[in-house]
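Some notes on the structure that comes next.
The values are calculated or read from the model by the stated rules, or taken from the named source; none is laboratory data. Because the structure is predicted, anything quoted here is derived from the model rather than measured. Don't worry about glycine lacking a Cβ; one is built from the backbone with ideal geometry, like all the others, and counts go over all protein chains shown. Ligands, DNA and RNA are stripped out before the accessible areas are found, and what is left, the full protein with its side chains, is counted by its heavy atoms. Shrake-Rupley method; radii C 1.70, N 1.55, O 1.52, S 1.80 Å.
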Amino acid sequence: MIELEVIEDKPEAKVVDTDDLDIQAEIPPLYDGFPVTVIGEESFMGYEHLYAVWMPKTIRVIETSAFEGGQLLQGLNLPEYLKEIQDYAFCNCDSLNINNLPDNVEYIGEGAFAYCHMMQEMILPRKLKKLKTNTFQECTSLACLYVCDSIEKIEENVCEDETHLIKVKAEAYDLCRKQEAIIVNDDDPLYTSIDGVLYNKDCTSLIRYPANKKGDTFIIPDTVTKIERYAFDHNYELKKVVIPDSVTFIDEGAFQFCERIKEIQLSKNVHQFMTETFIYCSDLKNIDISHITEMEDSVFFGCQSLEELTLPKELTKLDFQVFDECPNLILKVYKDSYALKYLKTHRWKYTIID
């Protein structure tokens, strides 16, 4: 439940508290006829199981510690006209991995994204004039923090290593926001870049595929054995990905929010899907999972275009919400299989095959 109230002396409303939320929540755009413009102080604080919060376009302010301690929070749509993110608003949101903020954000408070360990890069809004102390404290995965050269003041200890700060001239700023390639120096001891895609030095791990890299099909090189966590997160271009048989492991959330992907050609040597591997791949229609033996939670959550999947006889593990929010999906399961026994206790639609 989300508790709201009208703001005194304003024709606006705000979120003041929450109670007994599930893994996702949706903030309404109106309350008593007034637009909801503020997410109040500590209103979502400490929800360790909350995965996604959908905000209306009316939100302008996220107050102090609003989402602090949201350990699993990943699904987050920051509205276009958001102006303020106050102190510690997303502090200790360990799974949060957003990579840019709306252009209209003018203020980011102290410690706003501290201890967001999964955050890899951040492109800061053009209207931001000041970077506050400890904004990105202990963001241990943060590699690049892009700052437009119009910034007026950078306080001490914005992040642990100030070399993360990359000041970009205004005319180049939009290119950072629409990253199409990741470039690595040839002498870098840890990483390499092939056609704009980031790998480890010996190309056995695919680390990051740029969100706006052009092309609707990608064939992963057969040197790759592992696809890293969030590797294709929020890609906007891909429709088909071919994963060669050299790949044996795909980490959690690897393809999350790839909303245009329609087809995944899966390696025959991948036997386990980690948490949220394809969550909210809303156009996904074709994937052969005949070699999968284990699926952790929310693997296909929100894959609204999936219509049919055959669960293999060898499947021995299905965690909660694997197929939730897949309204068109009918599962085919074998008689006397583990999957059939599991599905009998769940609401997913299925048919039995010999």
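Accessible surface of the chain, 1.4 Å probe: 46 percent of it comes from carbon and sulfur atoms. Per residue, the solvent-accessible area of region 1-77 (1.4 Å probe, heavy atoms of protein chains only, all protein chains present) comes to 49 Å². For region 71-144, the extents of the C-alpha atoms along the principal axes are 26, 26, 21 Å, listed from largest to smallest. Counting only residues at least eight positions apart within a chain, or on another chain, the aspartates and glutamates with an alpha carbon under 15 Å from that of LYS10 are ASP32. Once C-alpha pairs closer than 8 Å and six or more residues apart are averaged by separation and normalised to the residue number of the chain, the relative contact order reads 6 percent. Taking a straight Cα-Cα cut-off under 24 Å and skipping sequence neighbours fewer than 8 places away in the same chain, the lysines within cross-link reach of LYS239 are LYS178, LYS213, LYS214, LYS226, LYS262, LYS268, LYS285. Here the ratio of the Cα radius of gyration of region 269-354 to 2.2 N^0.38 Å is 0.97.
Protection proxy ranking, highest mean first, for peptides 24-37, 260-273: 260-273, 24-37, where packing is the per-residue count of other beta-carbon atoms within 10 Å, averaged. Net length available on complete extension from ASP19 to GLU259 is 83.4 nm, with 0.36 nm assigned per residue and the Cα-Cα distance removed. Checking [x] 28.1; [y] 17.5; [z] 18.8 against the coordinates, the calculated mean projected area of the Cα convex hull in nm² falls under label [z]. Is it possible to state the helix-based mean residue ellipticity at 222 nm for the chain, with each DSSP H run of 4+ residues giving -39500 (n - 2.57), the sum divided by total residues, to the nearest 500 deg cm²/dmol? What is it? Mean residue ellipticity at 222 nm (helix-derived): -1000 deg cm²/dmol.
Sorting 325-331, 342-348 by their mean Cβ neighbour count within 10 Å, with the most densely packed peptide first, gives 325-331, 342-348.
If R0 is 25 Å, what FRET efficiency do you get for GLN272 and ASP354 from their C-beta distance, rounded to 0.05?
Values: r = 26 Å, r/R0 = 1.05.
E between GLN272 and ASP354, to the nearest 0.05, is 0.40.
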